[in-house]
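Report on the structure given below.
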Amino acid sequence: MAATAARDLSSVSSVIQLKGVNKWFGQFHVLSDINLDVKEGEKIVICGPSGSGKSTLIRCINRLEEHQQGDIVVHGVTLSNDVKNIEAIRREVGMVFQSFNLFPHLTILENLTLAPIWVKKMPKKDAEEIAMGLLKRVRIPEQALKYPGQLSGGQQQRVAIARALCMRPKIMLFDEPTSALDPEMVKEVLDVMIELAREGMTMLCVTHEMGFARAVADRVIFMDRGEIVEQNEPQEFFANPRNERTKLFLGQILHH
Amino acid sequence: MTDMPAGERRQLAPPSDDTGILGWTRKNLFSSWGNGITTVVLIAGMAWVLSWFLEWALFTANFTATTGSECRGQGACWALIREKFRYIFFGSFPYEQHWRPLFAVIAMLTMLVLSADRRMWNWRLLVIWSVGSFITFLLMFGQLHIPLSLILFVVLAAGGVGLALRSAVADQTERAAYYALIAIGIVGIGLRFAGILPAWKLAIAPLSYVETSLWGGLPVTIILATYGLAFAFPYGVLLALGRRSNLPLIKGLCVGFIELIRGVPLISLLIMASVMLPLFLPSGVTIDKFLRAQVAVILFAGAYIAEIIRGGLQSLPKGQFEAADAMGLNYVQKTALIILPQALRVVIPPLINTFIGFFKDTSLVLIIGIFDFLNTANQALVDPNWAGFPGEVYLFAAFVYFIFCFSMSRYSKYLEVELNKGMRR
């Protein structure tokens, strides 16, 4: 499985660039001098202890959080306060949340077609066709007319992934997609994510699922106290962590 | 059966409730000595009050007297209601024209009942309210003179709203039609202001004109409440959204307005609208007293509705806003499609509670001399021939108010269930 990792990405163009990004919550320095270059089709897993700024980092990429210093360039567009830029980037970047965040007052199908219809101005029929195709891909087409509250957590998260894919994004951000799930549902969500990775989607995942990281990641990034402490391809990262903090963290999550 | 392997055990039905009426009574009303005594005492008390009331209201009541003196010494004098009900319902509206407010009330009630149905919550609602309002005011006024500028404005608004709401789903022709409407509206209003188009009015005058000072009774109460709340609701939504805005100026204005309005009694607002406002208007300009009261009710109700809706907005998890943002929805789309539908569901009970409150609060307009339903009931007592029966009249008025308020309360219940279909966990 791990053999998929070592691909040569040096000739591929970058889709996300972070240069010297800093962010504070009040006095708390949550992101400190982050530099990151994500190539097209690259799959990155970000891990680290809670409060290390990993969620904040990926939330800065689609401007759910605002960074205070440095540059973030997504698909050639530099993030600024310009609403047009932000909306343009959000059209290209799909996001999956820890708590699913499906819209409880809309059916599954309506959850999926909402953005294509209103943001992309797609005819309703086409949007529904795409949505049904994606629901088949995440293996729950029979739930299309139900409401999110009637689905299990794993099903809801798969709907959330399908909802993000409905916009045909170039990049997918995952913010701890399996942390809120019962153990027996983690696999069904990871399977969908692995499938997506195999199809070549550019992915940034904040997750502690190290099996997933081994299977699909091109690079694993370890964050602690707001900085990127170490990054490497998964085999090296897990076999020979260099930094003490990485060793300590891996020791805690791998040997319990 | 217990020795069956797990998973193959037969699923048992829950124990059946074979208690019946007697069993239910014993379980709920006579489960213990204390409970039994409470039940008996309360039933006896209720029976005593009810028998006394029925004796007064039915068995010894007088339904046929022609003057108040014939009623004396007996039970309820319902003959008074029989004699005065037309005045109580329609006030000083010209007597032989009473069919007009009657049908206006029917038109408004039809409009309200139709718009209560969830299946009508689309373009139909606009049609229902346009037609219903037109019929109501045509009947009440008898004649409508619609200025050209208002017609042009409506054309402009129709085009704008149509484009805003249907741009995603409209085809080429439909969109062209909206643009045409907007163009006609803007050009027309421009020409009208430049004085090129004349100050023409569309006159629809099938009946004799009845001014608002002659209106009275039930139609006045229903008009004040219906249009008061119909305008206060969207206004309150805007205030609530404004109060949560990131723009300090908008937020400040909304907070200031809400606190200012909530800080004064409705009566003082009504008096201000009726006495002080005319002093500030340039001479020669008058605004109808009824309209001024209506505006005061709208402003007042808007502030209260805004605070209720703000509560609903705050109850939404942050993730809903973030998910909508992450999809690239803009502010208007996010608010209209994701936030408000959920926030409003949450606040249905307090919202309807406020609606019920304001339906009754409209009776405060009697302070500035508008004859709403309670005020006409009050006036019915002034007749010296029928002096001395306030109980009957107020009971009758209370009964009519109760029908409206209770309907709203039941509707609230229905709406809660209806809107949460499928959403219950």
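The values are calculated or read from the model by the stated rules, or taken from the named source; none is laboratory data. Since this is a predicted model, take the numbers as computed values, not measurements. Cβ: placed from backbone, ideal geometry, glycine included. Neighbour counts: every protein chain shown. Quick note on the areas: whole protein, heavy atoms, side chains included, nothing else; ligands and nucleic acids left out. Shrake-Rupley method; radii C 1.70, N 1.55, O 1.52, S 1.80 Å.
I'd like the mean, over residues of A:96-102, of how many other protein chain beta carbons sit within 10 Å of each residue's own Cβ.
On the way: counts 2, 4, 1, 5, 2, 9, 3.
The mean count of partner-chain Cβ atoms within 10 Å per residue comes to 4.
Excluding residues fewer than 8 places away in the same chain, name every one of the lysines whose C-alpha is closer than 20 Å to that of residue A:43.
Excluding near neighbours in sequence, the set is A:19, A:54, A:170, A:187.
Just to confirm the number: angle between the C-alpha axis of helix A:183-198 and the first principal axis of chain A, 0 to 90 degrees, nearest 10?
Taking the Cα atoms of chain A, the angle to A:183-198 is about 90 degrees.
Give me the 1.4 Å probe accessible area per residue for region B:222-358, excluding ligands and nucleic acids, in Å². Let's see the in-between values first.
Details: 6120 Å² over 137 residues.
Solvent-accessible surface per residue comes out at 45 Å².
Quick check: with the 1.4 Å probe, what order do B:10, A:245 take by accessible area, largest first? Present the calculation step by step, with values, prior to reporting the outcome.
On the way: B:10 150, A:245 65 Å².
The residues order as B:10, A:245, largest area first.
What order, most packed first, do the peptides B:253-260, B:279-286 have when packing is the mean number of other Cβ atoms within 10 Å of each residue? Intermediate results must be reported in sequence, preceding the final value.
Values: B:253-260: 15.0, B:279-286: 6.8.
Order by mean packing, descending: B:253-260, B:279-286.
From Cα coordinates alone, what are the radius of gyration and Dmax values for chain A in angstrom?
Final numbers for Rg and Dmax: 18.1, 55 Å.
Hey, in the GNM for chain B with a 10 angstrom Cα cutoff, which one of B:372, B:171, B:288 fluctuates hardest?
Highest fluctuation among the options: B:171.
So if we plug the beta-carbon distance of residue B:32 and residue B:55 into 1/(1 + (r/R0)^6) with R0 = 41 Å, what FRET efficiency do we get, rounded to 0.05? Display every interim value, and only then the final one.
Numbers: r = 35 Å, r/R0 = 0.84.
Efficiency computed from Cβ-Cβ geometry: 0.75.
Taking only DSSP H segments of four or more residues, each worth -39500 (n - 2.57), what value at 222 nm results for chain B once the sum is divided by all its residues, to the nearest 500 deg cm²/dmol?
One gets -21000 deg cm²/dmol as the mean residue ellipticity at 222 nm.
Rounded, prolate or oblate: which fits region B:78-164, taking a ≥ b ≥ c as square roots of the Cα gyration tensor eigenvalues, rounded meaning a/c under 1.5, else prolate when a/b beats b/c? Present the calculation step by step, with values, prior to reporting the outcome.
Details: a/c = 4.99, a/b = 1.77, b/c = 2.82.
Since a/c reaches 1.5 but b/c is at least a/b, the shape of region B:78-164 is classed as oblate.
How about chain B: what cysteines have no other cysteine beta carbon under 4.7 Å from their own?
B:254, B:405 - these cysteines have no disulfide-compatible partner (Cβ-Cβ under 4.7 Å) in chain B.
Helix-only mean residue ellipticity at 222 nm, chain A, DSSP H runs n ≥ 4 weighted -39,500 (n - 2.57), per residue, nearest 500. What is it? Kindly include the intermediate steps, with their values, before the conclusion.
Details: 9 runs with 96 residues, N = 256.
Calculated from helices alone, the mean residue ellipticity at 222 nm is -11000 deg cm²/dmol.
For region B:310-425, what is the charge dipole size about the Cα centre, in debye to the nearest 20, if Lys and Arg each add +1 at the Cβ and Asp and Glu each add -1 at the Cβ?
Approximately 680 debye in magnitude.
Using the basic label-point model (7 angstrom from Cα toward the beta carbon), what is the residue B:10 to residue B:85 distance in nanometres?
6.3 nm
Per residue of A:52-63, count partner chain C-beta atoms within 10 Å of its C-beta, then hand back the mean as an integer. Mind showing how you got there, number by number?
Working: counts 0, 0, 0, 0, 0, 0, 0, 2, 0, 0, 5, 2.
Neighbouring Cβ atoms belonging to other protein chains average 1 per residue here.
What is the P(r) of region B:258-374, as percent of Cα-Cα pairs per 10 Å bin from 0?
12, 32, 25, 19, 11, 1
Please name whichever of B:103, B:397, A:141 sits farthest to the positive end of the charge dipole of the protein assembly as shown, dipole taken about the Cα centre and charges placed at Cβ: Lys and Arg +1, Asp and Glu -1.
Most positive-ward Cα: B:103.
Measuring with a 1.4 Å probe in the full set of protein chains, what accessible area per residue, in whole Å², belongs to region A:68-201?
On the way: 5560 Å² over 134 residues.
Accessible area per residue, region A:68-201: 41 Å².
Taking only protein heavy atoms and a 1.4 Å probe, what accessible area per residue, in Å², does region B:133-201 have with all protein chains in place?
On the way: 4090 Å² over 69 residues.
Value returned for region B:133-201: 59 Å² of accessible area per residue.
Could you list the chymotrypsin sites (Phe, Trp or Tyr not before Pro) in region B:40-81 that lie in coil according to DSSP, counting only those with at most 13 other Cβ atoms within 10 Å of their Cβ? Before the final figure, lay out the partial values.
Details: sites: B:48, B:52, B:53, B:56, B:59, B:63, B:78; in loops: B:63, B:78.
Listed in order of number, the matching sites are B:63.
Pop out a list of residues from region B:381-425 that are at least 20 Å² less accessible with all the protein chains around than in their chain alone; 1.4 Å probe, no ligands or nucleic acids counted.
B:422, B:423, B:425
Ignoring any ligand, DNA or RNA, what whole percent of the accessible area of region B:107-156 comes from carbon and sulfur when the probe is 1.4 angstrom? Could the numbers behind the result be given before it?
Values: 2240 of 2830 Å².
Exposed carbon and sulfur together represent 79 percent of the surface.
Using a probe of 1.4 angstrom, how much of the accessible area of region A:72-178 is carbon and sulfur, in percent?
Numbers: 2030 of 4010 Å².
Whole-percent figure for carbon plus sulfur exposure: 51.
If one takes the accessible area of chain A alone plus chain B alone and subtracts that of the pair, with a 1.4 Å probe, what total in Å², rounded to the nearest 100, results?
Values: alone 12060 and 25440 Å², together 35170 Å².
So the buried area, both faces added, is about 2300 Å².
Shielding of A:103-114 by partners, i.e. mean partner chain Cβ atoms within 10 Å per residue?
Details: counts 9, 9, 11, 5, 1, 0, 0, 1, 2, 0, 0, 6.
That average works out to 4.
Hey, could you grab the Kirkwood Rh for the protein assembly as shown? Inverse mean 1/r over distinct alpha carbon pairs, Å, one decimal.
Working: mean 1/r = 0.0322 Å⁻¹.
Taking the inverse mean of 1/r over all distinct Cα pairs, the protein assembly as shown comes out at 31.1 Å.
So if I place +1 on the C-beta of Lys and Arg and -1 on the C-beta of Asp and Glu, and nothing else carries charge, what would the dipole magnitude of the protein assembly as shown be about its Cα centre? I want it in debye, nearest 20.
Values: 63 positive and 55 negative charges, 140 e Å.
Approximately 680 debye in magnitude.
Note down the net charge around residue B:259, summing +1 for each Lys or Arg and -1 for each Asp or Glu among other residues with Cβ under 14 Å from its Cβ.
Net of charged neighbours comes to +3.
Between the alpha-carbon centers of region B:302-373 and region A:80-157, tell me the distance in whole angstrom.
Going from one Cα centre to the other spans 26 Å.
Protein chains only, probe 1.4 Å: how do B:307, A:184, A:128 rank by accessible area, largest first?
Ranking B:307, A:184, A:128 by accessible area, largest first, yields A:184, A:128, B:307.
In whole Å, what are the extents of chain B along the principal axes defined by its C-alpha atoms, from largest to smallest?
Reported extents, whole Å, longest axis first: 86, 85, 41.
Taking 7 Å along the Cα-to-C-beta vector as the label spot, tell me the residue B:330-residue A:136 distance in nanometres, rounded to one decimal.
3.5 nm
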